[in-house]
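Values quoted throughout were computed directly from the atomic coordinates according to the rules given, and no laboratory measurement underlies them. None of the values given here were measured: they were computed from a predicted structure. Please note: Cβ atoms are built from the backbone with ideal geometry, for glycine as well, and neighbour counts cover all protein chains shown.
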Amino acid sequence: MRLGWMCAALLLAGCRPALDDPDNVPRLGRWRDETVPIGITMDDRGVPDGELPGDFRDLLAKLNRIEEHCGEPYLRKQDEMERFLNQRFEGCRVERLDRDGPAVSGLASCAPIMRSAGKAVTPAVRFDGMIGPDRLQLDMRMIQRLSLPTGSNHMLVISARRTLLRIGDC
């Protein structure tokens, strides 16, 4: 399951060099980057941790991380996001990327991926957030539509919050 990785990498391109870009809202500095998994739903039903298969528990554990960076975080532009995704997955497109003042939202999806036993997985990422000079917060939903050979379909949603907080100068 690489969708969690896709979500985190898709949104932010990381930190730019040590010169503050006046056109970019977040300021140059030392940033604490924390991602916290919120939970998993299957067909709109919350799935308790104890009922999660091992690979999903592993995915949530990988999403739960804290790092520090020195630089200037910035949101990828729509064409950058699309190029990034298409280097790693098939048939991806950024369907929507909206910025309205400090608010940002978007949706990206990729072509179905065939898994073993004829199971098709169609990945997508939806996010909403706020971008400020000293704080970025993105609520992300990694969505996987599962199509089984029996004809049944299921929707799996993994939710996480990514917060970047400026904690000082470089």
Under the 7 Å Cα-to-Cβ spin-label approximation, Arg93 and Asp43 lie apart by a distance in nanometres of 3.0 nm
Checked against the structure, the computed Rg and Dmax of the Cα atoms in Å among (i) 42.0, 138; (ii) 16.9, 56; (iii) 16.3, 49 is the one labelled (ii)
Listing His154, His69 by rising number of other beta-carbon atoms within 10 angstrom, fewest first, gives His154, His69
Sparse-neighbourhood loop hits (GluC sites (Glu not before Pro), region 68-142; DSSP loop; Cβ within 10 Å at most 14 others) -> Glu90
Longest principal axis of the chain (C-alpha) makes with the long axis of helix 78-88 (C-alpha) an angle, in degrees to the nearest 10, of 50 degrees
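What is the dipole size for the chain, taken about its Cα centre, with +1 at each Lys and Arg Cβ and -1 at each Asp and Glu Cβ, in debye to the nearest 20? Numbers along the way, then the final one.
On the way: 25 positive and 25 negative charges, 78 e Å.
Charge dipole of the chain: 380 debye, to the nearest 20.
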Per-residue Cβ contact counts at 10 Å, fewest first, order Arg45, Arg99 as Arg45, Arg99
Placing each pseudo-label 7 Å from Cα in the direction of the beta carbon, Lys119 and Cys170 end up separated by a distance in nanometres of 4.4 nm
With a Förster distance of 22 angstrom and the Cβ-Cβ distance between Val36 and Arg83, calculated FRET efficiency to the nearest 0.05 equals 0.20
